[in-house]
1. So how much accessible surface do B and A hide from each other in total, probe 1.4 Å, in square angstrom to the nearest 100?
2. Determine which lysines satisfy two conditions relative to B:K153: a Cα distance under 19 Å, and not lying fewer than 8 residues away in the same chain.
3. Which of the lysines could be linked to A:K175 by a straight reach, that is with a Cα gap under 20 Å, when you skip same-chain ones fewer than 8 residues away?
4. Indicate the gyration tensor shape class of region A:377-505 (rounded, prolate or oblate), computed on the Cα atoms with a ≥ b ≥ c the square roots of the eigenvalues: a/c under 1.5 is rounded; otherwise a/b larger than b/c is prolate and the rest oblate.
5. Just tell me how shielded A:410-416 is by partners: mean number of partner chain Cβ atoms within 10 Å of each residue's Cβ, no decimals.
6. Label-point separation (nm) for A:E388 and B:E474, each offset 7 Å from Cα along Cα-to-Cβ?
7. Which percent of the accessible heavy-atom area of region B:345-415 goes to carbon and sulfur, probe 1.4 angstrom?
8. Quick check of the Kirkwood formula: for the protein assembly as shown, what is the inverse mean of 1/r over all pairs of different Cα atoms, in Å?
Protein chains: 2
Amino acid sequence: MAILFRFTTIILFSLLSLLCFSLTSSHFIPRFPSSPILPELKQRSHSAQNVPYKTKFFTQILDHFNFNPQSYETFQQRYLINDTYWGGAKKKAPIFVYTGNEGNIEWFTQNTGFMFEKAPHFHALLVFIEHRFYGKSIPFGGNKNVAYSDNTKLGYLSSTQALADYATLIIDLKKNLSATQSPVVVFGGSYGGMLAAWFRIKYPHVAIGALASSAPILQFMGLSSPDIFTSIITQDFRGESENCYKIIKGSWKLIEEVAKKHGGVEVLRKTFRLCNKYIDASALEGWLRSAWIYTAMTDYPTPSNFLNPMPANPVKKMCEAIEMGKNTLGKLYAAANIYYNYSGTETCFDLYDDSDPHDLGGWQWQACTEMIMPVGGSNKESMFPESEWSYEDRVTSCQSFFNVTPRPHWITTEFGGHDIELFLKRSASNIIFFNGLRDPWSGGGVLKNISETLVAIVAKKGAHHVDLRYSTKEDPKWLKDVREQEVKIIASWISQYYQDLQSHD
Amino acid sequence: MAILFRFTTIILFSLLSLLCFSLTSSHFIPRFPSSPILPELKQRSHSAQNVPYKTKFFTQILDHFNFNPQSYETFQQRYLINDTYWGGAKKKAPIFVYTGNEGNIEWFTQNTGFMFEKAPHFHALLVFIEHRFYGKSIPFGGNKNVAYSDNTKLGYLSSTQALADYATLIIDLKKNLSATQSPVVVFGGSYGGMLAAWFRIKYPHVAIGALASSAPILQFMGLSSPDIFTSIITQDFRGESENCYKIIKGSWKLIEEVAKKHGGVEVLRKTFRLCNKYIDASALEGWLRSAWIYTAMTDYPTPSNFLNPMPANPVKKMCEAIEMGKNTLGKLYAAANIYYNYSGTETCFDLYDDSDPHDLGGWQWQACTEMIMPVGGSNKESMFPESEWSYEDRVTSCQSFFNVTPRPHWITTEFGGHDIELFLKRSASNIIFFNGLRDPWSGGGVLKNISETLVAIVAKKGAHHVDLRYSTKEDPKWLKDVREQEVKIIASWISQYYQDLQSHD
């Protein structure tokens, strides 16, 4: 288990973990936890709402694409199901499926209130499928120690296998429910959104449409600039105030200078209320960087509790805290405190906390094999230290950590991406690509309509898959409008399906 | 090598090998060559035309979908290339790719004159890619003895791996030719046609369209009746003359009766000019069955030499021979002689010939894993003995022969098939499904237009991928029309692509 625990230390949540490859050192060079371990937040598994579902398990095949004896092995794949609002098989009522991300499916379910809220309107059955190798869906006897023990086993953790899992499970479930004619719509946010979009492209006979929220399917080598991510975060903070931006931009040098001084480390320890006796400056920098990044991603317009409890518009709140702080270090602390301690319950912060409550550890493997998503370079304007994203560094890290070499062009070979408009225009349909422009991942998203049925919904003030969250009374009009537009489009897919079905029968 | 050689004895060519699972015993029960070995034709590798190409090899990855250490192994994949007519990368001239079937790619290339004949019109580059595990494209060091030695290696022989091979090779080739903007159109006949159609559905970012000729993508469990295949053959012969049909229909009982009589086997040996000293009736029946089946499949309107040298309209010729023969056995011999000895060079026939000149042996594995295409049942009207296709028998055979259990629903899970019109209508485009209705495989083909761009071309008098063959002076008008229609449609895809490209740039 040593390996597993060590590499979860640089995992965060959802697509964040992608980032950690690039942003873990002070110069944005990929780093594995073998040397100074990245400080991370303590993630708490709060449920915003009391989400009702039944837990089930499906006997899933290990390897869909080969026929070696080992490929016939099976594992128990978890899925959650809610039939409260379902109109039933006889009425061919729809089935809404969440294509699980890189983590515990319960967590994603709790944070996808949109599906629960819209199920009554659509009389939809809700199904949330857990991604293989995450949560309770662990091959090789359900034993994570075994499944993550070496390459020969981890090798079965891949996006194409996950998509085939979803197809297999959905087809079987529909058959068991005698609901083969019920239309399936897939939903997903972040990596789950990428899977939802790819699922609609690759399995159009299983899903009639996909809502792909904040799905950076273009954040791959040769498609997007690696520094778009940091540019967006910079813009989020700078948009609040020029001074906020300047303070953060100048902080990296300041921290290093303070740390070098006699007694400086002690100053940092006290200012930032760190629990650790011994710290290094780069760990502190990583801790702050995480705060800025994750806050930008979850810069929701209402109070939320996805990663941590957070106020509405937390970036704005951070910049306000920076304005009010006494000195530069105090300003940074006050801002970071909004991310790490909004509930006010923390007495000190552990820079080297390596807990992984949402079970996201497997992403590190995915980021070392197929998910080569360049992120973390920065330009002169960036509030982060200047750096360049390096594929070679990724290779070195992955070889030393997993003894595996990435396949950097596999995702675009399998799913496309180059000239996506040109190629998807006439060969795919019924996908909504939602992106919020405050979300750094929107830089790798589909931001323009590709065709009448491949629709980009772009919310200038939106953050990471905000549309999928539970609604609140305080939701701004633009967010209500986004959800309304999504509902309308999904309704049109379903209605068209029923029409097609009628003329087909 | 023992295993390999033994199972190639029941392989024929192209999709025929599928059939052998079901038609190898006198009651259409799947049989492996462990007991009375099926007599098969000697296949000769004649090239109808002098086909010009260069042979190249591509370093291909063994397993695209997993990341185990073994998946990183590579093999040399053969492809044939002809740039005589290519307009070049600068002009973004098209690339026509043949998605290789289950055999030596040179053989399929020689029998796909259509691509060579149309290349000048389109200024197209021609590429013919060999399917993994066939011909010279053998993983595990290029050594067939090793690659076919057991399940752990044969397991990598699958259609999804083959499609990913094609995508990987095409993308790399285009990059190397600086021709990333050249449109790719894929072509294939029979299993190659299935792959072409699936490739367009799954890799729309790699190929702008597909000509899928005689591709029985609906000949899977739960989609088509198993006895449609024999029904079509029956109709082919019965359509020539009622007497022809009756003679064949009555022959099975007759042969068994003769064989039982004292000296009867000797009568059969002499009548059918068999080289073998010892024969059994079921082997002779299999030999005749093969003749009827393969002749129906290749019932071309002009002389041909795909499997064997054959006259024009060979089914008609067989029925004429049956009319003219002296007694029933003599009639059968005269008809079979058209298939097995039209060139007149054979002095006797070997019922137990197990040569495999086109290197088709791997299909047996595919038919034991994913290619569960029920074929071979028959009804009362059938000219073949009554029988039922049995999935259970297939399982038993595959377990005993390969120690492998089929995954009968995998192909429809991965590629669809149920309600194909309903689901492909709005999620795919640019596929031509050609079928000739004299071809028994047309029973599993797409015979109706699905949409404006998913077009079925059906030729009442056509046989197995006749459209892809070299043209001859004697070609009937309907065949010329079919090819003209195909050229027009392909031209429209290419022209639309250039338009899209222009508005995209």
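1. Using a 1.4 Å probe on protein heavy atoms, the buried area is about 4900 Å².
2. A:K153, B:K136, B:K144
3. Result set, ordered by chain and number: A:K54, A:K56, A:K90, A:K91, A:K92.
4. Judged from the Cα gyration tensor, region A:377-505 comes out oblate (a/c at least 1.5, b/c at or above a/b).
5. If you average over the peptide's residues, the count of other-chain Cβ atoms is 5.
6. So the two model labels end up 6.8 nm from each other.
7. On region B:345-415, the fraction of accessible area on carbon and sulfur atoms equals 46 percent.
8. On the way: mean 1/r = 0.0327 Å⁻¹.
One over the average 1/r among Cα pairs gives 30.6 Å for the protein assembly as shown.
The values are calculated or read from the model by the stated rules, or taken from the named source; none is laboratory data. Predicted, not measured: the structure shown is a model, and the values here were computed from it. Positions of Cβ are backbone-derived with ideal geometry, glycine not excepted, and every protein chain shown enters the neighbour counts. Areas reflect the complete protein model, heavy atoms only, side chains present, ligands, DNA and RNA absent. Shrake-Rupley method; radii C 1.70, N 1.55, O 1.52, S 1.80 Å.
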